[in-house]
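To keep things clear, I will list the structure first and then write my remarks on it.
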């Protein structure tokens, strides 16, 4: 049995776990920075620029996670004859593209 998405969990390598966790930690810091800017009455435009940076960072995180999902979970499912992974991927992409 593959270690990927069969029971809606996924084992990640230590490297992948560290990379994704580091990205989220940086994003978390950016969001805290936004709160501080707001509390310090920063100018709206300055806050909006930082919001854009957080959005870009989240998008980058999503792209990395999606690429890994396709390379592992989806590819493994297809190799095992589970065409349902394709439908799941399409549904996921539709949600991401809202």
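Numbers at a glance
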| quantity | calculated |
| --- | --- |
| Fully extended contour minus Cα-Cα distance, from residue 48 to residue 13, at 0.36 nm per residue | 9.1 nm |
| Per-residue [θ]222 nm for the chain (sum of -39500 (n - 2.57) over DSSP H runs n ≥ 4, rounded to 500) | -24000 deg cm²/dmol |
| Cα-Cα separations in the stretch 1-74 greater than 18 Å, expressed as whole percent | 52 percent |
| log10 of Debye I(q)/I(0), alpha-carbon scatterers only, for the stretch 44-89 at 0.13, 0.16, 0.18, 0.24 Å⁻¹ | -0.45, -0.55, -0.60, -0.78 |
| Rounded if a/c under 1.5, otherwise prolate or oblate - the stretch 27-66, Cα gyration tensor axes | oblate |
| The stretch 14-96: relative contact order in percent, alpha carbon pairs under 8 Å with at least 6 residues between | 24 percent |
| Distance in nm between pseudo-label sites at residue 55 and residue 32 (7 Å out along the Cβ direction from Cα) | 2.4 nm |
| Between helix 14-39 and the chain: long-axis angle, C-alpha atoms, 0 to 90°, nearest 10 | 30 degrees |
| Degrees, to the nearest 10: 44-69 long Cα axis against longest axis of the chain | 10 degrees |
| Acute angle (nearest 10 degrees) that the helix 84-96 long axis makes with the longest principal axis of the chain, alpha-carbon atoms | 10 degrees |
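Just so you know, all these numbers are worked out from the coordinates, no wet-lab data involved. Fair warning: this is a prediction, and the values are worked out from it, not measured in the lab. All Cβ positions, glycine included, derive from the backbone under ideal geometry; neighbour counts span all protein chains shown.
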